[in-house]
Amino acid sequence: EKAGYKHFMLKEINEQPRAIRDTTLGRVSLETGKVFLAEMQISEQEFKDATQITIAACGTSWHAGLAGKFMIERLARLPVDVDYASEYRYRDPIADSKGLGLLITQSGETADTIAAQKELIAKGSKTLAICNVVGAAVSREAQGTITTNAGPEIGVASTKAFTAQLTALFLFALYLAQVRGTITEAQSRELVDELSKVPGKVEEILRSIDDQCCTLAKSFSTARDFLFLGRGIHYPIALEGALKLKEISYIHAEGYPAGEMKHGPNALIDETLPVVCIATKDPNDPSSVLKYEKTLSNIQEVTARSGRVIAVAINGDDQIGQLVEHVIHIPQAPELLLPILEVVPLQLLAYHIAVRRGCDVDQPRNLAKSVTVE
Ligand code: F6R
């Protein structure tokens with residue numbers, strides 16, 4: 001039932017091309033660039049009139065939400081708040097009928113996420129769910145659900161559900177942009193075309209970097225702490241990389257916005273500290289290139305203090321290899337789609353480190369797949 005893989009987690013990491021494809025399938029037209037979401041009880045007019053979106057989720061799903069904020073704000077120009085579902089209802093949050101609630105949950109049963117949804121509904125907001133389980137609790141209360149078709153996820157550490165959530169969020173952002181008229185037809189066609197290339201690119205990553213991650217795991221599996229850095233939409237992926245490593249290898253890890261290092265955490269850096277830096281860019285997007293250049297200077301601050309950098313960069317980036325010890329190369333993509341690609345090496349790195357440390361990767365200690373208590 002593990003289809004020849006040693007662990008469910010590895011099987012599920014390898015299922016990501018299919019999960020992303022199945023989440024996209026039937027929801028886009030390559031010809032027109034149009035996005036179609038399933039029937040829901042939220043009208044186009046309501047999407048047009050919405051003044052704000054509140055995303056609430058936990059753990060990995062919350063990381064997807066953080067990335068989703070960049071997608072929705074950039075494409076649909078609609079302000080997005082991202083909350084920990086476990087915090088949301090404890091502060092008398094501001095929500096109303098003009099705002100829209102978006103719950104992201106693999107299981108659809110996470111108690112805190114359901115409680116946040118109840119709070120949103122009580123304050124008059126309609127809610128939409130991104131969920132991997134058909135008929136789950138979250139969908140029963142929601143006015144609409146975008147199902148991530150990742151298939152059942154057995155490993156406690158979420159992998160394919162996460163990349164499927166990012167895919168669903170990208171589709172939702174694009175849909176909103178089309179309804180609200182913040183994007184041209186040509187841009188839509190281009191982005192849908194790029195999305196359709198993502199599964200193939202993930203396949204390419206899986207083929208090309210598994211050995212490298214295995215080798216890196218050999219050198220770094222005895223580290224006591226890890227840092228993961230990223231900027232902009234890559235910051236949530238740094239958080240996700242750190243969470244994957246913590247939960248399955250029990251190594252302390254922290255995700256940090258690259259530009260915040262000089263405001264404190266630089267004090268942690270020494271020759272024993274591995275620092276994973278997401279340093280990707282879309283060469284066709286000036287704002288992405290600018291961010292990349294700033295991240296390069298942050299990397300130099302780490303290497304100047306003898307920190308051991310593992311960078312994730314795009315194919316053809318020869319500049320970065322001169323700055324750091326290790327580079328993991330991935331294919332290039334538009335900025336908003338890069339997270340789906342760059343998380344894959346971080347999943348594999350965490351997996352191989354955990355295996356080397358003899359950890360039970362599919363069932364880490366103290367954790368449950370579905371958290372049904374608040
Ligand atoms: C981490 C992980 C958890 C879940 C979180 C929310 O790998 O799986 O952090 O993401 O418990 O679960 P769902 O998405 O089912 O609401």
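The values are calculated or read from the model by the stated rules, or taken from the named source; none is laboratory data. Keep in mind it's a predicted model, so treat the numbers as computed, not measured. FYI the Cβ positions are ideal-geometry reconstructions off the backbone, even for glycines, and counts take in every protein chain you see. For accessibility, only protein heavy atoms count, side chains too; no ligands or nucleic acids. Shrake-Rupley method; radii C 1.70, N 1.55, O 1.52, S 1.80 Å.
Things worth noting here:
- Scanning the stretch 47-77 for residues being within 16 Å of the ligand (Cβ to nearest atom), part of a helix (DSSP H, G or I) and open to solvent by 10 Å² or more (accessible area, probe 1.4 Å) gives a total of 6.
- Residue check for ASP22: farther than 14 Å from ALA173 by Cα and open to solvent by less than 40 Å² (accessible area, probe 1.4 Å): no
- Evaluated against (1) open to solvent by less than 50 Å² (accessible area, probe 1.4 Å); (2) more than 16 Å from the ligand (Cβ to nearest atom); (3) outside any helix (DSSP H, G or I), HIS352 falls short on exactly one condition, (3).
- Residue, farthest from the ligand (Cβ to nearest atom), within the stretch 227-252, restricted to residues that are closer than 13 Å to ARG357 by Cβ and open to solvent by less than 10 Å² (accessible area, probe 1.4 Å): ILE251
- Taking first residues from the stretch 210-229 that are of a type in the set (Lys, Arg) and partners that are crowded, with 18+ Cβ neighbours inside 10 Å, the Cβ contacts under 8 Å between residues at least 6 apart in sequence or on separate chains come to ARG224/ILE251.
- When we screen ASP360, ASP318, ASP270 for residues that are free of Cβ contacts under 8 Å to residues at least 12 places away in the same chain, away from the ligand (no atom under 16 Å from the Cβ), open to solvent by 10 Å² or more (accessible area, probe 1.4 Å) and not in a helix (DSSP H, G or I), the only hit is ASP318.
- The stretch 78-100 - residue that is part of a helix (DSSP H, G or I) and within 12 Å of the ligand (Cβ to nearest atom) and, of those, least open to solvent (accessible area, probe 1.4 Å): ALA85
- Positions within the stretch 363-374 being within 12 Å of the ligand (Cβ to nearest atom) and more than 13 Å from TYR250 (Cα to Cα), in sequence order: ALA368, LYS369, SER370, VAL371, THR372, VAL373
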